[in-house]
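J.: One structure is given below, represented as structure tokens, and several questions about it will come after.
The values are calculated or read from the model by the stated rules, or taken from the named source; none is laboratory data. Being a predicted model, the structure only gives us computed values, none of them experimental. Cβ placement follows ideal geometry from the backbone for every residue including glycine, while neighbour counts extend to all protein chains displayed.
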Amino acid sequence: MNVQVLFSNQLLYHLPYRSLAAFQLLCRQLGYRTSWKPAKKELHLDSGLKDKMVILETMNKDHQINADLITKTSFFLMDSGIQMTADPAGTPDLKIQFNCTSSPASAEPRLDIIHNLAASALELEASVIKEMNQLSMDFHITRKLDEPNAVPELQIKGVFPDYTASAEWENAVEHLAICLSSSILDFFLKELRLHCLSLLPLPSIFSEPPRTTADASPAILTKHAEQPPAEETLLADLFFDYTVFPFEDDKTVLTVGHLHIKNIGNTDLYNPIICIKVDPPDKVKFRGQILPPDLTEGMGLQTTDGEAKGWRYLEDDWFKQAKERGEYWITPIEPTRISPGDSQILRNFQLEMKKTEEAEQIIVQGFVLFREQHVQFQSNNQIVFSL
């Protein structure tokens, strides 16, 4: 029997019933809210920030820049689950008020950020300062004392150069919206002690993207003279795609990555075996949505069409191999075929590294082996850290 998994009331998967407890635990550890409906055999998931409410408003509607800041900030917070409103029904968790203008007489923008944050919420001020330092804008931040238990509020005041006539300053406004959104997310994550992956909608973590027309082989519409069959070519393009998240203690670095395997030959490739090699082995903690071999039966996710998805470690002693040689051998749970032009992706593995007193270089390499076809390939790039 399968159960239905829904995210924000939208059906995502059919999950084997025996995998319910493990999958629910995984989602909770990632920071998602879970609610099991036994009568309907449904597992409902929501963002960990679902109950957070943020007001975005302006007292200066004569300048388009404020409306754009509200629109862009709302856009970058959209997937987080935060409720954004200008007219709340309850008490908001944060209010942001924009009061910016534009003037042809202004050569460079200057921002004044005024807040009333209590001592318990000063992490938000630190996050704003950290993010604003990424901008090439002059800014000044001031704390004003307010009545106890007041709604935390940020007032963003500033003067920009001629906003409507310059794409440069339109980009600057977008960058400002990104910085504010990142500050808000960082603040709520620390307050609730949630994992950063919980900010992403669940489908983007577990689902593979749909194939685009660029990935599909074009149809042959014209008739050609018969050609001799092409020589069989077994080729794969292997590369890392990753993002680095430095921790606040400045001693730990988290990297979330994907390993892409694309078939660039003219023949199907079968059952990839991935090796992620870490050197030195004892300096990196490797994690991912990867199951030990003895837990794979029934634990793989199933999409709505019933197709099993997931990855497992290749050998029972995978942990010992990782400790001794720094090698993580991984393969799909189910038999897998990669057609020419298609890709298979190992998604959202995590590398956690701690800085040491002595400078040290850490290198992460990727390899893929197609054992049945006697070919193997090395990744085009490496993940390299100097800590």
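J.: It is to be established whether one or more residues within segment 64-74 are free of Cβ contacts under 8 Å to residues at least 60 places away in the same chain and closer than 30 Å to residue 193 by Cβ.
T.: Yes: one or more hits.
J.: Residues 255, 243: which one is in contact with a strand residue (DSSP E or B) (Cβ under 6 Å, 6 or more places away or on another chain), exposed (fewer than 12 other Cβ atoms within 10 Å of the Cβ) and at pLDDT 85 or above?
T.: Values: 255 fails: exposed (fewer than 12 other Cβ atoms within 10 Å of the Cβ).
Result: 243 is the single residue among 255, 243 that is in contact with a strand residue (DSSP E or B) (Cβ under 6 Å, 6 or more places away or on another chain), exposed (fewer than 12 other Cβ atoms within 10 Å of the Cβ) and at pLDDT 85 or above.
J.: If you don't mind, another one. Considering segment 114-144 alone, what residues qualify as being touching an Asp or Glu at 6+ places or on another chain (Cβ under 9 Å), more than 16 Å from residue 187 (Cα to Cα) and surrounded by 15 or more Cβ atoms within 10 Å (Cβ to Cβ)?
T.: Listed by number, the residues that qualify are 114, 137, 139.
J.: Take the conditions modelled with pLDDT under 85 and surrounded by fewer than 18 Cβ atoms within 10 Å (Cβ to Cβ) and apply them to residue 110. Does it pass? Full working, then the answer.
T.: Values: modelled with pLDDT under 85: yes; surrounded by fewer than 18 Cβ atoms within 10 Å (Cβ to Cβ): yes.
Taking the combined requirement at face value, the residue satisfies it.
J.: A further question on this structure: Counting only residues that are of a type in the set (S, T, N, Q) and within 16 Å of residue 38 (Cα to Cα), which one in segment 3-17 is modelled with the lowest pLDDT? Outline the logic, then answer.
T.: If we filter segment 3-17 for residues that are of a type in the set (S, T, N, Q), which is where we start, we get 4, 8-10.
Checking the rest, the ones that are also within 16 Å of residue 38 (Cα to Cα) come to 4, 9.
Working: 4: 87, 9: 79.
Across segment 3-17, the extreme among qualifying residues is 9.
J.: What are the residues in segment 339-374 that are of a type in the set (Phe, Trp, Tyr) and within 27 Å of the chain's Cα centre (by Cα), if any? Spell out the reasoning first.
T.: So the first thing to find is which residues in segment 339-374 are of a type in the set (Phe, Trp, Tyr), and the list is 349, 367, 370.
Correct list: 349, 367.
J.: How many residues are closer than 23 Å to residue 185 by Cβ and at pLDDT 80 or above when one looks only at segment 18-34? Outline the logic, then answer.
T.: Here is the first cut: in segment 18-34, the ones closer than 23 Å to residue 185 by Cβ are 26-34.
Among the residues that remain, those that are also at pLDDT 80 or above are: 26-28, 32-34.
Total satisfying the criteria: 6.
J.: Moving on. Any idea how many residues of segment 306-338 are over 27 Å from the mean Cα position of the chain (by Cα) and closer than 21 Å to residue 264 by Cβ? Steps first, answer last, please.
T.: Narrowing segment 306-338 to residues over 27 Å from the mean Cα position of the chain (by Cα): 315-317, 320-321, 323-325, 335.
Remaining after also requiring closer than 21 Å to residue 264 by Cβ: none.
Qualifying residue count for the region: 0.
J.: Does segment 296-309 contain any residue that is assigned to a strand (DSSP E or B) and modelled with pLDDT of 90 or more?
T.: Applying the first criterion (assigned to a strand (DSSP E or B)) to segment 296-309 yields 301-303, 308-309.
Those left that are additionally modelled with pLDDT of 90 or more: none.
No.
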